[in-house]
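Structure first, then comments.
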Amino acid sequence: MNELRGRITKDGIRIYEDADFAGMRAAGQVAAEILDAVAPLVKPGATTAELDAFITAEVTRRGVISATIGYKGYQHASCISVNHVVCHGIPGGKVLADGDILNIDVTVIVDGWYGDTSRMFAAGTLPRKAERLIEVTHEALMRGIAAVKPGNTFGDIGFAIQAYVEANRMSVVRDFCGHGLGRVFHAPPNVLHYGRAGSGPVLEEGMFFTIEPMVNLGRPETKVLADDWTAVTRDKSLSAQYEHSIGVTATGCEIFTLSPADKFFRTWE
Ligand code: MF3
Ligand code: CO
Ligand code: CO
């Protein structure tokens with residue numbers, strides 16, 4: 001251990017210690033397992049309130065805490081964002097139809113550590129364009145993660161994501177970003193999913209943050225509905241998102257919220 005750990009950088013980013021990775025790993029794994037568990041319930045006819053009730057029960061059963069219930073007045077254990085909803089969809093009476101795509105985002109607190117992750121799910125059979133959107137969004141997240149190592153910058157992450165998404169003629173949402181986390185839900189820095197290579201703070205071992213790109217089939221602009229939470233695409237085009245919580249290591253990063261049950265799971269060895 002050295003004096004570089006346990007400090008705050010000039011950009012306000014906390015540098016965690018080696019022992020803190022275990023706390024994040026435990027929290028990240030619980031969040032990922034809850035997404036694994038809800039997967040079989042996602043099908044045409046289910047409501048988003050039913051999915052959220054199941055997630056609430058899973059949180060309770062595991063003896064952990066939901067980070068979103070009570071957060072700025074939010075009252076649910078998940079955000080469920082269907083089709084043109086970009087993020088922060090509120091679970092409710094919406095009945096899933098064949099061909100719907102949805103993001104389920106869960107954040108839990110385990111022994112004080114925050115695990116924040118989201119994935120896309122499909123109700124029934126998807127049109128090819130929805131399937132492509134989901135594949136491109138997941139690959140964009142993984143390319144952002146591949147840019148994470150000490151000495152690279154946050155701009156390198158955003159650049160990798162934006163370049164891949166735009167090469168596939170889709171767009172990156174600018175209005176929401178990833179964030180530092182750890183013993184808090186949202187901390188510096190704002191992790192942008194677009195940008196210039198080499199810009200932004202330099203990545204250092206011990207930084208914990210999320211990467212959570214939102215990708216639209218149409219234009220990037222969003223608006224927030226009258227409920228003050230639900231963000232939608234202005235042009236009503238389909239939107240997708242994936243989110244992992246990660247920690248910067250000496251050689252790259254550890255993904256705290258990876259699950260072998262995720263359909264995109266792969267190893268890099
Ligand atoms: N989990 C979301 C994120 O990725 C935040 C949800 S806040 C809520 O940062 F209140 F809408 F749940
Ligand atoms: Co997040
Ligand atoms: Co989240």
Exercise. Of the residues H193, H179, H138, which is at pLDDT 95 or above and in a loop (DSSP other than H, G, I, E, B)?
Worked result: H193
For this session: Mind listing whichever residues of the range 1-59 are closer than 13 Å to I104 by Cα, hydrophobic (A, V, I, L, M, F, W, C) and not in a helix (DSSP H, G or I)?
Result: V42
Exercise. From G63, G89, which residue is assigned to a loop (DSSP other than H, G, I, E, B) and surrounded by 23 or more Cβ atoms within 10 Å (Cβ to Cβ)?
Worked result: G89
For this session: Would you point out the residue of the range 167-183, among those that are more than 20 Å from G252 (Cα to Cα), among the aliphatic types (A, V, I, L, M) and surrounded by 16 or more Cβ atoms within 10 Å (Cβ to Cβ), that is farthest from ligand 3 (Cβ to nearest atom)?
Result: M170
Problem set entry | Filter result for the condition that a residue is more than 15 Å from ligand 2 (Cβ to nearest atom) and in contact (Cβ under 8 Å) with a residue 24 or more places away in the chain, over I90, I109, I104 | I90
Exercise. In the range 241-251, which residues are crowded, with 18+ Cβ neighbours inside 10 Å and more than 14 Å from ligand 3 (Cβ to nearest atom)?
Worked result: G247, V248
Problem set entry | Single residue of Y114, Y164 found to be surrounded by 19 or more Cβ atoms within 10 Å (Cβ to Cβ) and without any contact (Cβ under 8 Å) to a residue 40 or more places away in the chain | Y164
Exercise. Restricting attention to the range 123-145, which residues are farther than 24 Å from A167 by Cα and surrounded by fewer than 19 Cβ atoms within 10 Å (Cβ to Cβ)?
Worked result: G124, T125
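The values are calculated or read from the model by the stated rules, or taken from the named source; none is laboratory data. Note that the structure is predicted; figures quoted are calculated from it, not measured. All Cβ positions, glycine included, derive from the backbone under ideal geometry; neighbour counts span all protein chains shown.
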